[in-house]
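Asks: Handing you a structure now.
The values are calculated or read from the model by the stated rules, or taken from the named source; none is laboratory data. Everything numeric here is computed off the predicted structure, so don't read it as measured data. Counting neighbours? That spans all protein chains shown, and the Cβs are built from the backbone with ideal geometry, glycine included. We work out accessible area using only protein heavy atoms, side chains counted, and drop any ligands, DNA or RNA first. Shrake-Rupley method; radii C 1.70, N 1.55, O 1.52, S 1.80 Å.
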Amino acid sequence: MTQTATYAPNTLFIEVSGAGLTEVDGLYIPSTAPPAESESGTLSSRGYWNGKPAWDRADGKAARSPAISYSNSYKSWRISRLDGHLAYEITCDAALPPADRPWNVYKMGIAPAPSVTLHYCDPRLPCPHPNVVFILGGPGAGKGTMCELANIQLGWTHLSTGDLLRAELKAGGPTTALIKQFIDAGKLVPDEIVVRLLKDAIENTIRRTGNRNFLIDGFPRSFSNLDAWREVFGRDGDLPRMIYFECPLEVLIQRILGRAQYSGRSDDNVESMKQRFDTFKAETLPIVEHFKGQGKCVEVDTSQDRQTVYALLRAQLADLTESELLARPLSEDAEILLGLRPYRNKT
């Protein structure tokens, strides 16, 4: 018999849904079963089975404990019925039950096989508080590039309201018809809808990945944006931090004209650029000043080279970034974004 090993606590939760055997559906919590010998002779520690995390049903009804576990003998993840017989399995050596591929119906199961969703915090409890940093700057100030770098290198999730609106329209979500109605009428989508999309994206990311760090690109652009944020996220909490990318107009124009050669964007021209910059000054700079007055805004000069700007951004995010991510060497994609190696078309 293999001796028991000590593992980091299993803090993941699993939601099983869509099974032909409906008793299998439900929430599964980290197993509390005491160390026991598995079929392969391994003595597993609490929360683990055969060296991998294991789960019990949250309602405690399953005869088998753990109810979701890994089999060394069959090299597969397994889900049991309430009577303890195995209903579904998936043959693989993944560290966690796969949530991205179909499971198989086992001997005592009924089609269809379920899907599983991993939760990094207890879905029965309120979502943990996110760490949000707003990123503002004029058009061409480098917001998108720097947010992408922070995502690649530092693990910060990059969100933009434009991306979320496009994704909602494509996915056919609950507010798709309403969003389309405003866009077709040439009107701005109401701030509350936009902020609720942000809130949903933040909570889904925290629950599905455990990542609590978020950069929100180009928001809030107006006081109405900020009012909607307070309305949705609560008026009693502290304002998020803001990083303002300061860049002179002449540098922004040079960047936009350079970008126009390959971007394909209809607004990448001098006339549109000046109009967007005037709008930015009129609507968004007062927001920046408001955050500065609250001691919540740090200004970064993005007219400098990309490596210098990224180093400044990295320093501002360091207090909320895991030390191993801060110490990680630059990836190939990060070096391309920083201009340290030429872009290579991967297709």
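Asks: Just name the residue that is nearest to PRO114 (Cα to Cα) out of those in the range 50-65 that are open to solvent by less than 50 Å² (accessible area, probe 1.4 Å) and more than 29 Å from the chain's Cα centre (by Cα). Working first, answer last.
Replies: Of the residues in the range 50-65, the ones open to solvent by less than 50 Å² (accessible area, probe 1.4 Å) are 50-58, 62.
Remaining after also requiring more than 29 Å from the chain's Cα centre (by Cα): 50, 62.
Values: ASN50: 23, ALA62: 17 Å.
In this case the residue turns out to be ALA62.
Asks: Quick test of your reading of the structure: LEU325 fulfils all but one of (1) at pLDDT 95 or above; (2) open to solvent by 60 Å² or more (accessible area, probe 1.4 Å). Name the failing condition by number.
Replies: (2)
Asks: Okay, moving on. Say we look at the range 225-253 and pick out the residues that are small (Gly, Ala, Ser) and under 30 Å from VAL309 (Cβ atoms); which of these is modelled with the lowest pLDDT?
Replies: Per the stated criteria, the residue is GLY237.
Asks: Next question, about the same structure. I'd like to know if the range 156-178 contains one or more residues that are farther than 18 Å from VAL195 by Cβ and buried (at least 20 other Cβ atoms within 10 Å of the Cβ).
Replies: Yes.
Asks: Under 8 Å between Cβ atoms, at least 6 apart or on separate chains: pull out the pairs that start in the range 104-118 with a residue that is among the basic types (Lys, Arg) and end on any residue that is open to solvent by less than 60 Å² (accessible area, probe 1.4 Å).
Replies: Correct list of pairs: LYS107/LEU86.
Asks: Among the listed residues GLU335, GLU283, identify the single one that is in a helix (DSSP H, G or I) and over 21 Å from VAL133 (Cβ atoms).
Replies: Just a single option satisfies the conditions, and that option is GLU335.
Asks: Six or more apart or on different chains, Cβ atoms under 8 Å: show the pairs whose first residue is in the range 330-347 and of a type outside the set (Gly, Ala, Ser) and whose second is assigned to a loop (DSSP other than H, G, I, E, B) and at pLDDT below 90.
Replies: GLU332/ARG341; GLU335/ARG341; ILE336/PRO342; ILE336/TYR343; ILE336/ARG344
Asks: Can you name the residue in the range 69-105 that is acidic (Asp, Glu) and under 31 Å from the mean Cα position of the chain (by Cα) and, of all such residues, is surrounded by the most Cβ atoms within 10 Å (Cβ to Cβ)?
Replies: GLU89
Asks: Contact list please: Cβ distance under 8 Å, first residue in the range 303-315 and among the aromatic types (Phe, Trp, Tyr), second residue part of a loop (DSSP other than H, G, I, E, B) and surrounded by 13 or more Cβ atoms within 10 Å (Cβ to Cβ), pairs at least six apart or on different chains.
Replies: Short answer, once both residue conditions are applied: TYR310/LEU338.
Asks: Would you point out the residue of the range 4-17, among those that are in contact with a Ser or Thr (Cβ under 8 Å, 6 or more places away or on another chain) and open to solvent by less than 50 Å² (accessible area, probe 1.4 Å), that is farthest from ALA67 (Cα to Cα)?
Replies: Filtering first and then ranking leaves ALA5.
Asks: With the condition kept exactly as written, say whether any residue in the range 184-201 is surrounded by fewer than 19 Cβ atoms within 10 Å (Cβ to Cβ) and touching a Gly at 6+ places or on another chain (Cβ under 8 Å).
Replies: Scanning the range 184-201 turns up no residue that is surrounded by fewer than 19 Cβ atoms within 10 Å (Cβ to Cβ) and touching a Gly at 6+ places or on another chain (Cβ under 8 Å).
Asks: Scanning for something open to solvent by 20 Å² or more (accessible area, probe 1.4 Å) and part of a helix (DSSP H, G or I), does the range 123-135 turn up at least one residue?
Replies: no
Asks: Going through the range 218-241 one residue at a time, which ones are charged (D, E, K, R) and surrounded by fewer than 16 Cβ atoms within 10 Å (Cβ to Cβ)?
Replies: ASP227, ARG230, GLU231, ARG235, ASP236, ASP238
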